[in-house]
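Trainee: Below are the structure tokens for one structure; questions will follow.
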Amino acid sequence: MIRNPWRHHEPLDHAELARLLPAPADPRLAADRQDLLEEYLMSEIHQSDRAPAALPARRPLRRAVLFAAPVAAAAALAVVVYLGGSPGVGTVAAPAPVKAPVVRVEEGSTVQLASTVREIAAAATARSTPRPGPGQYIYIKSRVSFMSTSHNADTGEEATWVQPLHDREVWKSPDGTKGWLDEPGYQDKGGITLDNKEPRKQNTYDWLAAQPNDPDALLRSVYATVSGDRDHDQQAFNAIGSVVREQLVPSALAAALYEAAGRIPGVVVVEHSQDASGRDGIALARLDPWTGERSEWIFDRESHQYLGSRGVQVREFNGVKPGTVVERTTIVTRAVVDAKNQRPGAGQATA
């Protein structure tokens, strides 16, 4: 587009300008990443509500800005945390990030996909899971590490880091309307509320328990929740992964979910993967064609019990190199407890 610099009154040709610009990126997040981001934003709102009016508002500092959110390396949306500002009431400084682990990228295969899914589903069926009653809560404790990206506004330098491995404890009512999150170093001291009058029903225990134990029906239900231009197969895989990672799923339904996931195009078996505790297992995985990140669900090689998850960058994207581990999780405890903030003790049912 050529404009005469002396003709300031000449209108812009918006159609031509649009053709010269690159197509906008799709900012939508996968369901599991959106859940985590929503929890972070809730903590910020909760913190703001509790701050005394006399305290001055926190102001962004130009020198050291940390973009830190529990989302994938290529997520288009990030939470901005300003280093050096006054901490909010009840908060603690987040631990300094560490360099992300780098692993050799092992190629996935569909050769043993069907047999591996059958073994995982059979193990899930044989495993008993407690059923939460009225007033009880589902308790999940995990060890997690998500990616952070630092950016120096003065020099323009960027680096990819991850959070140090840390505990994450979640309490959820079966209907999803009540809950609590305790993630020391990343939330208010003691945790934050997850109470929500309109939770995403597909991630609640009550909704899951009412679903048919039929893989094809489940898969149709999952695909009905995805939308937009992003890869629908990846969205479906991520949606199931968010349930598997941080929910209590009835045994028969868990088996059906794994079978449904195995039928999603692009799902492969990765023979060697490690959870956040360093346990080696076999993984069901899928490569996100947009971000180049492969999401891996890791299972014990012998018992086929779910261990945790891992996100590995397979193709460079936004400066994140192949082999970079952008997220790691491991399940420590799944249980049913009698009250919010209560931890399981002797005699309480665990899964």
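Trainee: Any of LYS172/LYS201; LYS141/LYS197; LYS172/LYS340; LYS189/LYS340; LYS201/LYS340 with alpha carbons more than 18 Å apart? Name them for me.
Mentor: Long pairs (Cα-Cα over 18 Å): LYS141/LYS197; LYS201/LYS340.
Trainee: Among 286-293, 303-310, 191-198, how do they line up from the highest to the lowest mean number of other beta-carbon atoms within 10 Å?
Mentor: With the highest mean Cβ count within 10 Å placed first, the list reads 303-310, 286-293, 191-198.
Trainee: Probe radius 1.4 Å, ligands and nucleic acids left out: which of LYS141, LYS321 has the largest accessible area, and how do the rest follow?
Mentor: In descending accessible area the options line up as LYS321, LYS141.
Trainee: Projecting each Cα onto the charge dipole of segment 241-336 (Lys/Arg +1, Asp/Glu -1 at the beta carbon, about the Cα centre), which of SER273, PRO289, GLN247 comes out farthest on the positive side?
Mentor: PRO289
Trainee: Give me the lysines in straight-line cross-link reach of LYS321: C-alpha distance below 19 Å, same-chain residues under 8 apart excluded.
Mentor: Straight-distance partners of LYS321: LYS99.
The values are calculated or read from the model by the stated rules, or taken from the named source; none is laboratory data. All of these numbers come straight from a predicted model, not from anything done at the bench. In this analysis, Cβ positions are derived from the backbone assuming ideal geometry, glycine residues included, and neighbour counts consider all displayed protein chains. The protein model used for the area step is the full one, side chains on, heavy atoms only, and it has no ligands, DNA or RNA in it. Shrake-Rupley method; radii C 1.70, N 1.55, O 1.52, S 1.80 Å.
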